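Data first, discussion second: the structure below is written as structure tokens.
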Amino acid sequence: MTKKNSLQKTRYGLIQGKAYREYAKDAIWQLKEQIRPKKPIDCAVTMAATYYMPNRKGWPDLFGLVQATADILESAGIIEDDGYIAGIDDSMIAGIDKEDPCTIVKISEITNVNYPLYKLHPKLNKKLLNGDFERFKDIREETNSENPTD
């Protein structure tokens, strides 16, 4: 269930529909039970989400699913800000699984601080200027020593 397709009108304005709220609550509970970081991921990331739908009824669009997944990852404390997602490579609706509909999510930190989002996103740029990503220096040096250039 995507957020965009489940809005309800109330006297206070639009809110997420009951189906989405229940889906998000269940997803957040499940994410909190998984192996997850001790603190939210605070850097640029890529995300790949693979969706297995319960049936063809109310077929969603991929972008709505990805947006809902990003918001849920932020709400569950997996990532600090869903605006830090720089790419959604390989995300797809992969099929129908009536017995076990699910979403498989893979998140990878972008350790190259020359990646454009570090300069473009205001919060990431501030962290970069404050030296918050010095921890990536060892990773970059390790990668460079494995792949030396002539």
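The values are calculated or read from the model by the stated rules, or taken from the named source; none is laboratory data. All figures in this text were calculated on a predicted structure; none of them were measured in a lab. All Cβ positions, even for glycine, are placed from backbone atoms using ideal geometry, and neighbour counts span all protein chains on display.
Below is a table of values for the structure above.
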quantity: Test result for ASP100, closer than 26 Å to GLN16 by Cβ, surrounded by 13 or more Cβ atoms within 10 Å (Cβ to Cβ) and among the charged types (D, E, K, R); calculated: no
quantity: Qualifying residue in segment 68-75 (condition: in contact (Cβ under 8 Å) with a residue 12 or more places away in the chain, closer than 27 Å to SER108 by Cα, out of contact with any helix residue (DSSP H, G or I) (no Cβ under 6 Å at 6 or more places or on another chain) and assigned to a loop (DSSP other than H, G, I, E, B)); calculated: no
quantity: Residues of segment 127-150 that turn out to be more than 21 Å from the chain's Cα centre (by Cα), outside any loop (DSSP other than H, G, I, E, B), at pLDDT 65 or above and not β-branched (Val, Ile, Thr), as a count; calculated: 3
quantity: Sole exception among (1) out of contact with any helix residue (DSSP H, G or I) (no Cβ under 6 Å at 6 or more places or on another chain); (2) under 30 Å from PHE133 (Cα atoms); (3) not hydroxyl-bearing (Ser, Thr, Tyr) for TRP59, by number; calculated: (2)
quantity: Search result, residues across segment 92-114 that are among the hydroxyl-bearing types (Ser, Thr, Tyr) and under 11 Å from the mean Cα position of the chain (by Cα); calculated: SER108
quantity: Sole residue being aliphatic (A, V, I, L, M), touching a Ser or Thr at 6+ places or on another chain (Cβ under 8 Å) and surrounded by 15 or more Cβ atoms within 10 Å (Cβ to Cβ), chosen from ALA68, ALA44; calculated: ALA68
quantity: Contacts under 6 angstrom Cβ, first residue in segment 40-55 being charged (D, E, K, R), partner outside any strand (DSSP E or B), 6 or more apart; calculated: ASP42/GLU80
quantity: Qualifying residue in segment 20-37 (condition: exposed (fewer than 15 other Cβ atoms within 10 Å of the Cβ) and either under 27 Å from LEU128 (Cβ atoms) or in the same structural domain as LYS119 (by TED's automatic domain parsing) (or both)); calculated: yes
quantity: In segment 88-120, residue nearest to THR46 (Cα to Cα) [restricted to those that are in a helix (DSSP H, G or I) and free of Cβ contacts under 8 Å to residues at least 40 places away in the same chain]; calculated: PRO116
quantity: Residue selected from segment 122-140 under the condition in contact with a Phe, Trp or Tyr (Cβ under 7 Å, 6 or more places away or on another chain) and touching a residue at least 60 places away in the same chain (Cβ under 8 Å), by the criterion surrounded by the fewest Cβ atoms within 10 Å (Cβ to Cβ); calculated: LYS127
quantity: Yes/no for GLY87 being over 21 Å from ARG21 (Cα atoms) and either at pLDDT below 95 or surrounded by 14 or more Cβ atoms within 10 Å (Cβ to Cβ) (or both); calculated: yes
